[in-house]
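Novice: Handing you a structure now.
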Amino acid sequence: MAAARVMMSASSISTSSSIIFKLATTPLLKPNTLRPCFNTHNKLVSSKRFFTCRALYKPHVQITEEGLPETLDYRVFFVDDSGKKISPWHDIPLHLGDGAFNFIVEIPKESSAKMEVATDEIYTPIKQDTKKGKLRYYPYNINWNYGLLPQTWEDPSLANPDVDGAFGDNDPVDVVEIGENGGKVGQLMKVKPLGCLAMIDEGELDWKIVAISLDDPRAPLVNDVDDVDKHFPGTLMAIRDWFRDYKIPDGKPANKFGLGNKAANKDYALKVINETNESWARLVKRSIPSGELSLV
């Protein structure tokens, strides 16, 4: 299939434009035993990193675009209420309480530009991936919102005994959000996990958490992997096949999957999220070497 690119004219966007996702403030849950996530004004405390933040909150997050889309210089930065740049990977908490999680859209539904958090750049902005100096595109549109869970990390030094001893891919955990509405690059969505696929990409373990936005009208109907088959028939197979085959047009072999080539259930997905959150905590506390990864 021919690649379908989402084009934006240079005249429609400035080199320093901003999009604000305003989310209503909600009361805080009692913080965990480590330390609170916010000060008394309900603003993100940026002077220290909080490793297992579980407070329920919805901050005002602003994204600022630098450069023009579909250029090598294009970056999407995240900014807090004070105007300070923050990292979408490190500074946006994973947990929202009540089984919900923050999900950051990197690649909106029905687009093909391969956008990703730049884990090796300060403040880890979202940029378009490159190969040999050229911008990368999928060979065809992705049919779901795709992005990451903040404060997670797939440790490349850990071998997973459940998935043929494969080591982590050194990135945050990926999410495939199956709701009906398309997102925007940098958008925060409140999601609940439904299951996961254990993709093995050139020998590296690359988890795909299947989730749904809590704003989706069918969200109350789906609470586990079996519900996906019932209310979104064929979706799990389509996700697996998409990620299995997307590199074939470039002359690479198909990706493989562990766990019997099937999607694991919600409990297993939550186990993956918890383990990768703990790996991220060890990373940012510098308990293990970070290599070229930015911890800012």
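The values are calculated or read from the model by the stated rules, or taken from the named source; none is laboratory data. It should be emphasised that the depicted structure is a prediction, and the values quoted were computed from it without experimental measurement. Counting neighbours? That spans all protein chains shown, and the Cβs are built from the backbone with ideal geometry, glycine included. Areas reflect the complete protein model, heavy atoms only, side chains present, ligands, DNA and RNA absent. Shrake-Rupley method; radii C 1.70, N 1.55, O 1.52, S 1.80 Å.
Novice: Residue check, Ala219 against (1) touching a residue at least 24 places away in the same chain (Cβ under 8 Å); (2) of a type in the set (Gly, Ala, Ser); (3) under 30 Å from Gln62 (Cβ atoms); (4) open to solvent by 20 Å² or more (accessible area, probe 1.4 Å), all met but one. Which one?
Specialist: Ala219 satisfies all of (1) touching a residue at least 24 places away in the same chain (Cβ under 8 Å); (2) of a type in the set (Gly, Ala, Ser); (3) under 30 Å from Gln62 (Cβ atoms); (4) open to solvent by 20 Å² or more (accessible area, probe 1.4 Å) except (4).
Novice: Acidic (Asp, Glu) and not in a loop (DSSP other than H, G, I, E, B): is that true of Asp241 in this structure?
Specialist: yes
Novice: Could I ask something else about it? Hey, Lys208 hits all of (1) open to solvent by 20 Å² or more (accessible area, probe 1.4 Å); (2) closer than 22 Å to Pro139 by Cβ; (3) without any contact (Cβ under 8 Å) to a residue 40 or more places away in the chain but one; which does it fall short on?
Specialist: (1) is the only condition that Lys208 fails.
Novice: Oh, and also: Restricting the range 64-85 to residues that are polar (S, T, N, Q) and out of contact with any strand residue (DSSP E or B) (no Cβ under 7 Å at 6 or more places or on another chain), which is least open to solvent (accessible area, probe 1.4 Å)?
Specialist: Thr71
Novice: Quick one: which of Gly195, Gly186 is within 23 Å of Asn274 (Cβ to Cβ) and open to solvent by less than 20 Å² (accessible area, probe 1.4 Å)?
Specialist: Gly195
Novice: Identify all residues within the range 132-170 that are assigned to a loop (DSSP other than H, G, I, E, B), more than 22 Å from Ile248 (Cα to Cα) and touching a residue at least 40 places away in the same chain (Cβ under 8 Å); write none if there are none.
Specialist: Pro150, Gln151, Thr152, Trp153, Glu154, Asp155, Pro156, Ser157, Leu158, Asp164, Asn170
Novice: Residues being among the small types (Gly, Ala, Ser), within 25 Å of Gly291 (Cα to Cα) and surrounded by 21 or more Cβ atoms within 10 Å (Cβ to Cβ): count how many of those fall in the range 86-121.
Specialist: So the answer is 1.
Novice: Now, a different point. Give me the residue from the range 77-128 that is of a type in the set (Ser, Thr, Tyr) and part of a strand (DSSP E or B) and, out of that set, nearest to Gln62 (Cα to Cα).
Specialist: Among those that are of a type in the set (Ser, Thr, Tyr) and part of a strand (DSSP E or B), it is Ser111.
Novice: Next question. Being basic (Lys, Arg) and part of a loop (DSSP other than H, G, I, E, B) is the filter; apply it to the range 244-290 and report the residue that is most open to solvent (accessible area, probe 1.4 Å).
Specialist: By that ranking, first place goes to Arg286.
Novice: What number of residues in the range 154-183 are surrounded by fewer than 17 Cβ atoms within 10 Å (Cβ to Cβ) and in contact with a Phe, Trp or Tyr (Cβ under 6 Å, 6 or more places away or on another chain)?
Specialist: 2
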